[in-house]
Amino acid sequence: MRCPFCSSADSKVVDSRASKDGRAIRRRRECLKCGERFTTYERVEEFQPMVVKKDGRREPFDRKKVIEGILKACEKRPISMDQVESFVNSLEKEIQDRGDREITGRFIGEKVMAQLREWDDVAYVRFASVYKQFKDLKEFMAQLLEILNDSSSGKQDDVGRG
């Protein structure tokens, strides 16, 4: 590790601790040449696959983009940030565990829709209306009727109802 003050490659670790989120190690170092102290972070290099979009474009998987989409759907709904973070963590882990170099946007969208449907019907419909790009009111109503039929046939849970 090069000293940011004198560019010397010789330093010693004075203190190490886990970062607040636990995903990195924070190290305080002291340069053996100039004596200045500086902080470095050590993280596991995670492989992020490319997401293949509907139109064939490819872009790196972006955790923040998934969270933003979920938060838009859950606006003013009883879904906590902890729930969203926990779901996105598990989705990211599932994607990592698959080990695929590419993953379809459809895979991600379907996973998000399934989770939103469990949490809250309104958030689900909001997300689905953008994700599925309903062509007309008839398609949108068909989706709503499906939800209503599921609800009346016993698919009731306490999260997001009432």
**Sole exception among (1) assigned to a loop (DSSP other than H, G, I, E, B); (2) exposed (fewer than 15 other Cβ atoms within 10 Å of the Cβ) for Ile79, by number** = (2)
**Complete:** Taking the range 35-73 and the residues there that are surrounded by 13 or more Cβ atoms within 10 Å (Cβ to Cβ) and more than 20 Å from the chain's Cα centre (by Cα), the one that is modelled with the lowest pLDDT would be Thr40
**Asked** Among (1) modelled with pLDDT of 95 or more; (2) out of contact with any Lys or Arg (no Cβ under 8 Å at 6 or more places or on another chain), where does Gly22 come up short?
**Response** (1)
**Message:** If Ser90 satisfies all but one of (1) touching a helix residue (DSSP H, G or I) at 6+ places or on another chain (Cβ under 7 Å); (2) in a helix (DSSP H, G or I), what's the number of the condition it fails?
**Reply:** (1)
**Asked** Does the range 1-26 hold any residues that are of a type in the set (D, E, K, R) and under 25 Å from Asn89 (Cα atoms), and which are they?
**Response** Arg17, Lys20, Asp21, Arg23, Arg26
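The values are calculated or read from the model by the stated rules, or taken from the named source; none is laboratory data. Fair warning: this is a prediction, and the values are worked out from it, not measured in the lab. Positions of Cβ are backbone-derived with ideal geometry, glycine not excepted, and every protein chain shown enters the neighbour counts.
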